[in-house]
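Everything below concerns the one structure shown next.
The values are calculated or read from the model by the stated rules, or taken from the named source; none is laboratory data. None of the values given here were measured: they were computed from a predicted structure. Neighbour counts run over all protein chains shown; Cβ positions are idealised from the backbone, glycine included. Only protein heavy atoms, including side chains, enter the accessible area calculation; ligands, DNA and RNA are left aside. Shrake-Rupley method; radii C 1.70, N 1.55, O 1.52, S 1.80 Å.
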Amino acid sequence: GGPHEHLFMGPEASPRAASRSAPAPAASPPFEGVEPPKPGGPDARDQPLTRPLNLLIAESEPEEARDARRGATGRSSGETYIETLRALRPDARFDLYRPQEPGDLPQALDAYDGVFLSGSPLHIYHDNHAVRANVDFMRAVFDSGVPSFGSCAGLHIAVAAAGGTVRRNPDGHEVGLA
């Protein structure tokens, strides 16, 4: 497969895979022992937002992929996220962070209203620094309780950080919704 090979996250992610005769593995809660917030509880995130959103865009693209994407499209994946989200929420504040590169977060994770982990050509089943750094980052995001969103490789990283399994699709390319 090439650098943009798509993956799936288990038999339930694919109608083709679901039609196979192998039984699906038993589901287990992704966060055993963690109580979901109670509706109307004291969580500040349950309150109406009266200030601009403070969002962290975590760019999972390694430097060489980021440079190639900028050459092809004029911006990196994280820069594309910021541009798109700014069009939706012009008053929002954005920080860009690259977990695989040296440097600290611009603010503590709990200062953010949400974290977006971008897509990239990373493959979660490859053991390298960029993958490990992004998985560790997403574990910290989950531990902080800040709402998060991952797309493409960002979703695969989030699944692995939450204890799930991501593997190469034996049937080739596939698109799925999660």
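Treating each Cα of segment 49-119 as one equal point scatterer and applying the Debye formula with no solvent, the log10 of I(q)/I(0) at q = 0.15, 0.19, 0.22, 0.27 Å⁻¹ comes out as -0.50, -0.76, -0.97, -1.25.
Each label point was placed 7 Å from the Cα along the Cα-to-Cβ direction; for N54 and A133 their separation is 2.4 nm. Using the alpha carbons alone, the radius of gyration of segment 94-157 stands to its Kirkwood radius in an Rg to Rh ratio of 0.93.
Tell me, what is the FRET efficiency for E101 and D143 to the nearest 0.05, using R0 = 22 angstrom and their Cβ-Cβ distance as r? Show your work: numbers first, answer last.
Numbers: r = 21 Å, r/R0 = 0.96.
For E101 and D143, the calculated efficiency is 0.55.
How would D95, D171, D104 rank on accessible area, largest to smallest, probe 1.4 Å? If you can, show how the numbers build up before the last one.
Numbers: D95 20, D171 75, D104 140 Å².
So the residues, ranked largest to smallest area, are D104, D171, D95.
Using a Förster distance of 22 angstrom, determine the FRET efficiency expected from the C-beta separation of A68 and L88, and round it to 0.05.
On the way: r = 27 Å, r/R0 = 1.22.
Calculated value: 0.25.
Less than 5 angstrom separates the built amide H of S148 from those of V115, all sequence-distant by 5 or more or on a different chain. Need one number: the % of Cα-Cα pairs in segment 129-178 sitting beyond the 14 Å mark. The answer is 53 percent, as a whole percent.
Computed from backbone phi with θ = phi - 60° and the Karplus coefficients 6.51, -1.76 and 1.60, the 3J(HN,Hα) list for segment 117-122 is 9, 6, x, 5, x, 5 Hz; x is used for glycine and proline.
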